[in-house]
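Written out below as structure tokens is the structure these notes cover.
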Amino acid sequence: MRKILVVVDMQNDFIDGALGTKEAQGIVKNVVEKIRSYKGCKVFATRDTHGSDYMETLEGKHLPVPHCIKGTKGWEIRAEVADALLEVEAEVMDKESFGSNALAERLYEVVGEEESEIELVGLCTDICVISNGLLIKAKLPETPVKVDPACCAGVTKESHEAALLTMKMCQIDFA
């Protein structure tokens, strides 16, 4: 069985920058270890990517905190995570929204007819992890999709737990 890892938005702004939390800081080591455990497997990583016009976007109007502006330190993947992603030759994809149709499509191409399992880790459980998990599950309904709660953090502990429950209800199991 082909194992695929998706690392969602492990960027400085979500860890200790504009939207950082102590919970996000607390999963960095777990995520690095998880990435390294996928050596020899296919690994993808996403980067939340916004332009300088972020505050004029619909998202910016609902979340008026500039973050992950392309080319800034906050947009960059956390250094130790980036190093681990280089070690496993991960494919990095920028995304302009919570979920990435391009990622789901790319996974569909990679999976093809081969029996596969996809695991998600990263930030934020309750926004981008769940959005990508549901898109992937919709695109690949017969492919097991899992999430590792120890390698995810939400905006709050409560919203993290709610997102995990919602994913479980949609047949996204725990790793």
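The values are calculated or read from the model by the stated rules, or taken from the named source; none is laboratory data. Please read all numbers here as calculations on a predicted model, not as lab measurements. A quick note on method: Cβ atoms are made from the backbone with ideal geometry, for glycine too, and the neighbour counts reach across all protein chains shown. Note: accessible area is taken over every heavy atom of the protein model, side chains too, but ligands, DNA and RNA are not part of it. Shrake-Rupley method; radii C 1.70, N 1.55, O 1.52, S 1.80 Å.
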(request) Might you tell me the accessible area per residue for the chain, computed with a 1.4 Å probe and given in Å²? (result) 49 Å²
(message) Below 8 Å, C-alpha to C-alpha, sequence gap of six or more: please give me the relative contact order for the range 83-175 in percent.
(response) 30 percent
(message) What translational diffusion coefficient, to the nearest whole µm²/s, does the range 1-152 have by Stokes-Einstein, given a Kirkwood radius computed over alpha-carbon pairs, a temperature of 4 °C and 1.567 mPa s viscosity?
(response) 84 µm²/s
(request) Treating the angle as unsigned and between 0 and 90°, give the value, to the nearest 10°, between the Cα long axis of helix 130-139 and the longest Cα principal axis of the chain. (result) 40 degrees
(request) Evaluate Rg over Rh across the range 109-175, taking Cα atoms for both radii and Kirkwood's formula for Rh. (result) 0.98
(request) Let me know the charge dipole size of the chain about its Cα centre in debye, to the nearest 20, where only the beta-carbon of Lys, Arg (+1) and Asp, Glu (-1) is charged. (result) 240 debye
(message) Can you give me the % of accessible surface on the range 32-175 that is carbon or sulfur? Probe 1.4 Å, all protein chains present, nothing else counted.
(response) 54 percent
(message) Using a Cα-Cα cut-off of under 23 Å, which lysines could be cross-linked to residue 168, ignoring same-chain neighbours fewer than 8 residues away?
(response) 3, 34, 137, 139, 146, 157
(request) Any chance you could tell me what percent of the C-alpha pair distances in the range 1-67 go past 19 Å? (result) 46 percent
(request) Just need the relative contact order of the chain here, percent rounded to a whole number, with Cα pairs under 8 Å and 6+ apart. (result) 28 percent
(request) Identify the trypsin sites (Lys or Arg not before Pro) of the range 1-103 meeting these criteria: DSSP loop state and at most 12 other C-beta atoms within 10 Å of the C-beta. (result) 39, 73
